[in-house]
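Chemist: Please find one structure pasted underneath; my questions will follow.
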Amino acid sequence: MSVSSVLFWRRTDVEGLERLALSVTSEGITATSKVICLEAGGFCLEHRWRIDRAWHAQSADVERWNAQGHTDLRLERDGTAWRVNGVLRSDLEGADEPDLSVTPFCNTFAILRTPAAAGESFSLDTAFIDAATMTVSRSRQRYDRLGQGRLRYVDLGLLRGFEAELVVDDDGLVVRYESLFERVAPAMS
């Protein structure tokens, strides 16, 4: 993965765009992003991540602006548990990684842990951040390796029954997320 890069995704189900800046240093990984979407009356959402070198999220800060005002949320790893806005959440004990509903970026945490051989799978519990309600709930997911750069996402928790095929690049970042997101390149002048 390059030292720093900027990625753009567009929503394919509703009008929306995300710009994510990713930086990899010897200390770890940071990601900062802005999402603008017309879903649910329209909103702007910013999320910032602090991630260790093994691609384990240490914290996520999420801010959302819409017609109802501004809301913010901080999710922070505390050993094997998670704190939400400073409060230890026992229901999230042992959840492996966060998952933010409005971005394909979070899938990278699990994609990088999914065995490379076709037919192999990886399951994990997540601290699922619902961007519409700005709440955090425990959920379960599975990633099935379909082949080189292809996986199937299977929701086993809050959205049980939802499945989508993912196409990813060599760094485990989503290029296409069936029926929801696709990576786009900015126009060059």
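Chemist: Taking only pairs six or more apart or across chains, which ones have beta-carbon atoms under 6 Å, a first residue in segment 86-102 that is under 9 Å from PHE128 (Cβ atoms) and modelled with pLDDT of 95 or more, and a second residue that is surrounded by fewer than 22 Cβ atoms within 10 Å (Cβ to Cβ) and among the acidic types (Asp, Glu)?
Modeler: Going by the 6 Å Cβ cut-off, the qualifying pairs are ALA95/ASP125; SER101/ASP130.
Chemist: Could you check segment 62-71 and list, in sequence order, the residues that are within 17 Å of the chain's Cα centre (by Cα) and either assigned to a loop (DSSP other than H, G, I, E, B) or surrounded by fewer than 22 Cβ atoms within 10 Å (Cβ to Cβ) (or both)?
Modeler: GLU63, ARG64, listed by residue number.
Chemist: State all residues of segment 80-104 that are assigned to a strand (DSSP E or B) and over 24 Å from ALA164 (Cβ atoms); if no residue qualifies, say none.
Modeler: ALA81, TRP82, ARG83, VAL84, VAL87, LEU88, ARG89
Chemist: Among the listed residues ALA40, ALA21, identify the single one that is more than 22 Å from VAL175 (Cβ to Cβ) and hydrophobic (A, V, I, L, M, F, W, C).
Modeler: ALA40
Chemist: Next question. Mind checking which residues of segment 40-59 are touching a residue at least 40 places away in the same chain (Cβ under 8 Å) and surrounded by fewer than 20 Cβ atoms within 10 Å (Cβ to Cβ)?
Modeler: Listed by number, the residues that qualify are ALA40, TRP55, HIS56.
Chemist: Could you go through segment 155-166 and let me know if any residue there is among the charged types (D, E, K, R), outside any loop (DSSP other than H, G, I, E, B) and closer than 26 Å to ARG53 by Cα.
Modeler: no
Chemist: Can you tell me which residues in segment 170-180 are surrounded by 14 or more Cβ atoms within 10 Å (Cβ to Cβ) and in contact with a strand residue (DSSP E or B) (Cβ under 8 Å, 6 or more places away or on another chain)?
Modeler: LEU173, VAL174, VAL175, ARG176, TYR177, GLU178, LEU180
Results for (1) hydroxyl-bearing (Ser, Thr, Tyr); (2) on the phi > 0 side of the Ramachandran plot, shown as yes or no for each residue.
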| position | (1), (2) |
| --- | --- |
| SER5 | yes, no |
| LEU22 | no, no |
| TRP49 | no, no |
| GLU63 | no, no |
| ASP72 | no, no |
| GLU76 | no, no |
| GLY79 | no, yes |
| LEU92 | no, no |
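Chemist: Next question. Can you name the condition, by its number, that MET1 falls short on among (1) modelled with pLDDT of 95 or more; (2) within 26 Å of ASP125 (Cα to Cα)?
Modeler: MET1 satisfies every listed condition except (1).
Chemist: Checking ALA132 against (1) touching a helix residue (DSSP H, G or I) at 6+ places or on another chain (Cβ under 9 Å); (2) surrounded by fewer than 17 Cβ atoms within 10 Å (Cβ to Cβ); (3) modelled with pLDDT of 95 or more: exactly one of these is not met. Which one?
Modeler: Checking ALA132 against (1) touching a helix residue (DSSP H, G or I) at 6+ places or on another chain (Cβ under 9 Å); (2) surrounded by fewer than 17 Cβ atoms within 10 Å (Cβ to Cβ); (3) modelled with pLDDT of 95 or more, the one that fails is (3).
Chemist: Return yes when ARG160 is in contact with a strand residue (DSSP E or B) (Cβ under 7 Å, 6 or more places away or on another chain), surrounded by fewer than 19 Cβ atoms within 10 Å (Cβ to Cβ) and of a type in the set (Lys, Arg) and no when it is not.
Modeler: Spelling it out, it is not the case that ARG160 is in contact with a strand residue (DSSP E or B) (Cβ under 7 Å, 6 or more places away or on another chain), surrounded by fewer than 19 Cβ atoms within 10 Å (Cβ to Cβ) and of a type in the set (Lys, Arg).
Chemist: Still on this structure, please answer the following. Report whether or not TRP49 is assigned to a strand (DSSP E or B), at pLDDT 95 or above, more than 21 Å from ARG138 (Cα to Cα) and among the hydrophobic types (A, V, I, L, M, F, W, C).
Modeler: Spelling it out, it is not the case that TRP49 is assigned to a strand (DSSP E or B), at pLDDT 95 or above, more than 21 Å from ARG138 (Cα to Cα) and among the hydrophobic types (A, V, I, L, M, F, W, C).
Chemist: What residue, among those in segment 105-131 that are within 19 Å of ARG48 (Cβ to Cβ) and in a loop (DSSP other than H, G, I, E, B), is farthest from the chain's Cα centre (by Cα)?
Modeler: ALA131
The values are calculated or read from the model by the stated rules, or taken from the named source; none is laboratory data. Please read these numbers as outputs of a predicted model, since none were measured by experiment. All Cβ positions, even for glycine, are placed from backbone atoms using ideal geometry, and neighbour counts span all protein chains on display.
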